[in-house]
Amino acid sequence: MSFIFIIIVLALVFDYINGFHDAANSIATVVSTKVLTPIQAVLWAAFFNFVAYTIFKDHAVANTIGKTVRSEFVTLPVIFSGLIAAIIWNLLTWWYGIPSSSSHTLIGGFAGAAICYALLSKGMTPIFKIVDSDKISKTLLFIFLAPLLGMAISMFFTFVTISRNTWLKSAILIVSAIGLWFLFINFQENKINENLTKYFKADKYQYEVENLTYDLAQGPDSATSIKLQEAIHKLAKASISANASMAYTWKYESQGADGIAEEIVRNINIKDIEKSRLKDKLNAYFKVDQLKILLKNDPSKKQEYEYAKRSLDSLVPISKKYHEIGYEAMISEMLLKVPISWNEVDQFKKKINVDVKSDLKKEIEKADNKILRYCLIGMLMLFVFAFIYNEKLNEPKVSRTGKMYKRLQLVSSAAFSIGHGGNDAQKVMGIIAAAFVANGTILDIKSMPEWVPLACYTAISLGTLSGGWKIVKTMGTKITKVTPIEGVCAETAGATTLFLTEQMGIPVSTTHTITGAIIGVGATKRLSAVRWGVTYQLLWAWILTIPISSLLAALVYYIIHFFI
């Protein structure tokens, strides 16, 4: 059985454990308020966990997780060690009923194993060269911000909902819906800009400049100095192109991805990116990078790699003449330089064809968040209609109001389950994609096979079906007693927080988010309604998760490196 297959199985096992470990997040309030029975609740949550597969297409969180560790320190043993540590910690916290973060367990394990690998193979290495400090710092920051944000939003929804003035609370919710609409449009524009920055490789060149600057600071070296100047030049040109293309992103709502891509191609000099993309496609056609990775563990690949490298090196100079001699003449020169059988010529032409407009369109479309906007706005407007119908079109009654909130809780719990599935399944997708890159199967995380998202969403849904009753008890009863109205507010706040952070590409903990939301609804009654002793215990579990997972993964890697 190949190592990559074992890692994929382990990743899906972790995803499954994540499902039943975090099932409580989706169903605790709906079970504790007796809106659904436990069996009905897990079926409901699992279904909407999987619905998230049809909604989240950008996979921003998966990209963040997969690139937490720098590519040169991502190996299959590193990923294996991180997964083993994450599974151990998840099972331990599940056994003791502690709602810790599966997300942070995975990040801590991945980073800890990579740091151990770096120390053992390369000695003391600057931390910024091993892990992406920006991604790690955002993740650490949201250990505290996610529950605070969930708490603040849940308090807001609670105060609005319990207001006796129907028209006032309806107006506040409508204004909130409009505000969220424009906020998500802003997230969409920011994501388009980020995708354009990556497309023009400004982020890649920025990392090269940082690395070379550090290397040069360790001691003067003429070769490094030349490389640094070249990297700075490439960064400047890429940044100019990326910044110029961003001038059109505000038109996305009116012109769509096709219109923006057309304007960029028409108004911006794309010759450099065409040459760069052509080189990338030649690299992919001859599988140079994949073979280089495979060569590390399989010496028999040496001859194949050397042939591929020679082929690439001989064709790159020809590719640089693309604009001077034209596409067909370039292909003819390439075929004379590197013999390709006649039945593979069409495939070769197709593989190396560069269509910047089409590529840009795909990158821009990934940022579209219309479905998320419609989900959130639709939920808030449903609340408005429910309030008006129950309180103005009918005579308010306690029994009717109770039934209304129980029905609304089905909607809010469904929204939270969508957020849970979209946020947590992506984390495992990122790990599997990173394993494929380390194995040489794909060149980049965004090129992950189509079956990976489907498998991850399926695994987390099946895990949710398995329950996780010890944590349900902690989340649903020990923190504070939750009524249907408070369940609606907590779940709506949790869903809103997850949708917001997913748009920012930040892998937050659904556990932290819903806990903060539950604390928020409890605190609106009175501060003493929250069992702060339980909350302090949870806080310690949250703080310790990343360092413990990191140490566990480092220990696992240290043990297995003697056998690899």
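Throughout, read-outs are computed from the coordinates displayed, never taken from laboratory work. If you're wondering where the values come from, they're calculated on a predicted model, not measured in any experiment. Counting neighbours? That spans all protein chains shown, and the Cβs are built from the backbone with ideal geometry, glycine included.
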- prompt: With the dipole of the chain worked out from charges on the C-beta (+1 for Lys and Arg, -1 for Asp and Glu) around the Cα centre, which of 38, 404, 206 lies farthest toward the positive end?
  reply: 404
task: Over 18 Å, how big is the tail of the calculated P(r) for the stretch 267-328, in percent of all Cα pairs?
output: 43
field: Placed amide H near residue 55: partners under 5 Å, 5+ positions off or other chain
entry: none
task: Sketch the reach of a paramagnetic label on residue 336 as a point 7 Å from Cα along Cα-to-Cβ, and name the residues of the stretch 300-320 whose backbone nitrogen lies under 16 Å away.
output: 314-320
- request: With θ set to phi - 60°, apply the Karplus curve 6.51 cos²θ - 1.76 cosθ + 1.60 along the stretch 35-40 and write out the HN-Hα couplings as whole Hz, x wherever there is a Gly or Pro.
  value: 6, 10, 6, x, 5, 4
- prompt: Among the aspartates and glutamates, which have Cα under 13 Å from the Cα of residue 370 when same-chain residues fewer than 8 positions away are ignored?
  reply: 58, 189, 253
- line: Note, the stretch 170-186: 3J(HN,Hα) by Karplus (6.51, -1.76, 1.60, θ = phi - 60°), whole Hz, Gly/Pro = x, goes 5, 5, 4, 5, 5, 4, 4, 4, 5, x, 5, 4, 6, 5, 6, 5, 5
- line: Taking a ≥ b ≥ c as the square roots of the Cα gyration tensor eigenvalues, with a/c under 1.5 meaning rounded and otherwise prolate when a/b beats b/c or oblate if not, the stretch 85-160 comes out oblate
Helix-only CD estimate at 222 nm, as mean residue ellipticity for the chain, using -39500 (n - 2.57) per DSSP H run (n ≥ 4): -26000 deg cm²/dmol
query: Please state the relative contact order of the chain as a whole percent: Cα pairs under 8 Å, 6+ residues apart?
result: 41
field: Phi to ³J(HN,Hα) by Karplus 6.51 cos²θ - 1.76 cosθ + 1.60 over the stretch 274-284, Hz, x for Gly, Pro
entry: 5, 5, 5, 5, 5, 4, 4, 5, 5, 4, 5
statement: Placing +1 on each Lys and Arg Cβ and -1 on each Asp and Glu Cβ in the chain, then taking the dipole about the Cα centre, the residue among 524, 384, 93 whose Cα reaches farthest towards the positive end is 524
query: Using a ≥ b ≥ c from the Cα gyration tensor of the stretch 276-368 (square roots of the eigenvalues), is it rounded, prolate or oblate, where a/c under 1.5 gives rounded and otherwise the larger of a/b and b/c decides, a/b for prolate?
result: oblate
- line: Given unit charges at Cβ for Lys, Arg (+) and Asp, Glu (-), the dipole magnitude of the chain about its Cα centre in debye, nearest 20, is 1280
- prompt: Under a 5 Å amide H to amide H cut-off, with H placed in plane at 1.01 Å, what residues pair with residue 70 once short-range neighbours are removed?
  reply: 131, 132
query: Under 14 Å Cα-Cα from residue 279, which aspartates and glutamates qualify once same-chain neighbours fewer than 8 residues away are excluded?
result: 289, 313, 355
query: Roughly how tilted is helix 202-217, in degrees to the nearest 10 and between 0 and 90, from the longest Cα axis of the chain?
result: 70
message: Placing unit charges on C-beta atoms (Lys and Arg positive, Asp and Glu negative, everything else neutral), compute the dipole magnitude of the stretch 40-199 about its Cα centre in debye, rounded to 20.
response: 80
message: Using 0.36 nm times the number of residues separating residue 310 and residue 393, minus their current alpha carbon distance, what extension gain do you get?
response: 22.1 nm
- prompt: So, in the stretch 200-269, how many Lys pairs have Cα atoms under 22 Å apart, if the pair is 8 or more places apart or on different chains?
  reply: 7
field: Peptide ranges 486-498, 164-176 listed from the most packed, as the mean C-beta count within 10 angstrom indicates
entry: 486-498, 164-176
message: Need one word for the chain: rounded, prolate or oblate. Basis is the Cα gyration tensor (sqrt eigenvalues a ≥ b ≥ c); a/c below 1.5 gives rounded, then a/b vs b/c decides.
response: prolate
field: Length gained when the stretch residue 168-residue 349 is fully extended (0.36 nm per residue, less Cα-Cα span)
entry: 58.8 nm
message: Based on alpha-carbon atoms only, what is the radius of gyration of the stretch 126-198 relative to the globular estimate 2.2 N^0.38 Å?
response: 1.61
task: For the stretch 276-368, give the magnitude of the charge dipole about the Cα centre (Cβ charges: +1 Lys/Arg, -1 Asp/Glu; no others), in debye to the nearest 20.
output: 240
query: For the stretch 276-368, with the dipole built from +1 on Lys and Arg beta-carbon atoms and -1 on Asp and Glu ones, taken about the Cα centre, which of 322, 278, 299 lies farthest toward the positive end?
result: 299
- request: Arrange the peptides 131-143, 46-58 so that the one whose residues have, on average, the most other Cβ atoms within 10 Å appears first.
  value: 46-58, 131-143
- line: So residue 362 and residue 454, fully extended at 0.36 nm per residue minus their Cα-Cα distance, gain in nm 31.1 nm
